[in-house]
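Here's the structure, in structure tokens; my notes come after.
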Amino acid sequence: MTASSTSSRVPQEERTRAMRARLLEATVELLVEKGFSGTTTTLVSERAGVSRGAQLHHFPTKNDLVVAAVTHLTERRGEELAAAASQLPAGKQRTRAVIQMLGDHFAGPVFTAALELWVAARTDETLLEAVAPLEQVVGRETHKMTVQLLGADESQPGVRELIQATLDLVRGLGLASTLGDDTRRRRRILDQWAATLETTLGFEARFARTSTTDKEQ
């Protein structure tokens, strides 16, 4: 292979990746705006600024497009959570910040798009085969991240269940938010749950010990 043929191939590969990324991003946006049934291949190609022929070349059917979007959306959710986690404060406000971060994520558009796929997958076997395994991965990774961010000790009885209850809570609140803006109610509930976690898991005592140690040093 000559140097010129290599140099001409690389830009084409980059253009192809960029085109696929636009199509997948457009799919996610339309899932949020119009739901699964309202997301059509025609609308996706228009939103992405890609010709119908090019779109059909990469994704011949709506299911092909949506299944690819499932993987893309899974990556987006992981990236979004990781970025938010990197901004969390330390100290006594951390528990509340972690819970609020999770609440915001599950009330955000990325989760809304995922929720549309969950509902559609219930009666679509092909989509279910794509969604179910990736949701299991997301669930495990989110649980693991929450444990780490809270500094929780899952070797203690009941701690694992409390972490899972936390994730079930924010998912449920996220689902409720799709029916209307309940930001104030959600914040009150998350405030109370953060206080409950700190008391139940002994975080207040731990922070107090840490503060005392820091002062002594």
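Structure values in brief
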read-out: Computed label-point distance, nm, for sites S51 and D191 using a 7 Å Cα→Cβ extension; value: 5.7
read-out: Amide proton proximity set for A152, modelled H, under 5 Å, gap of 5+; value: none
read-out: Among H57, A69, F36 - extreme Cα towards positive end, dipole of the stretch 24-73, charges at beta-carbon; value: H57
read-out: Segments 98-109, 78-89 sorted - mean Cβ within 10 Å per residue, highest first; value: 98-109, 78-89
read-out: Karplus-derived 3J(HN,Hα), 6.51/-1.76/1.60, for each residue of the stretch 57-73, Hz, glycine and proline x; value: 5, 7, 9, x, 10, 4, 5, 4, 5, 5, 4, 5, 5, 4, 5, 4, 5
read-out: Rounded to 10°, Cα long-axis angle of helix 159-177 versus longest principal axis of the chain; value: 50
read-out: Karplus-derived HN-Hα couplings along the stretch 138-153 (A = 6.51, B = -1.76, C = 1.60, θ = phi - 60°), whole Hz, x at Gly and Pro; value: 4, x, 5, 5, 5, 4, 4, 5, 5, 4, 5, 5, 7, x, 7, 9
read-out: Check: the stretch 85-142 dipole with +1 on Lys, Arg Cβ and -1 on Asp, Glu Cβ, in debye; value: 560
read-out: A176-T61 FRET efficiency (beta carbon distance; Förster radius 25 Å; 0.05 resolution); value: 0.15
read-out: Relative contact order computed over the chain (Cα-Cα under 8 Å; 6+ residues apart), in percent; value: 21
read-out: Accessible area of the stretch 20-96 divided out per residue, in Å², using a probe of 1.4 angstrom; value: 49
read-out: The chain: most fluctuating residue of E161, E116, E29 per GNM, C-alpha cutoff 10 Å; value: E161
read-out: Among W118, G151, V138 - extreme Cα towards positive end, dipole of the stretch 107-156, charges at beta-carbon; value: G151
read-out: Rounded to the nearest 20 debye, dipole of the chain from Cβ charges on Lys, Arg, Asp, Glu; value: 360
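The values are calculated or read from the model by the stated rules, or taken from the named source; none is laboratory data. Please read these numbers as outputs of a predicted model, since none were measured by experiment. Note that we place each Cβ from the backbone using ideal geometry, even for glycine, and neighbour counts take in every protein chain shown. We work out accessible area using only protein heavy atoms, side chains counted, and drop any ligands, DNA or RNA first. Shrake-Rupley method; radii C 1.70, N 1.55, O 1.52, S 1.80 Å.
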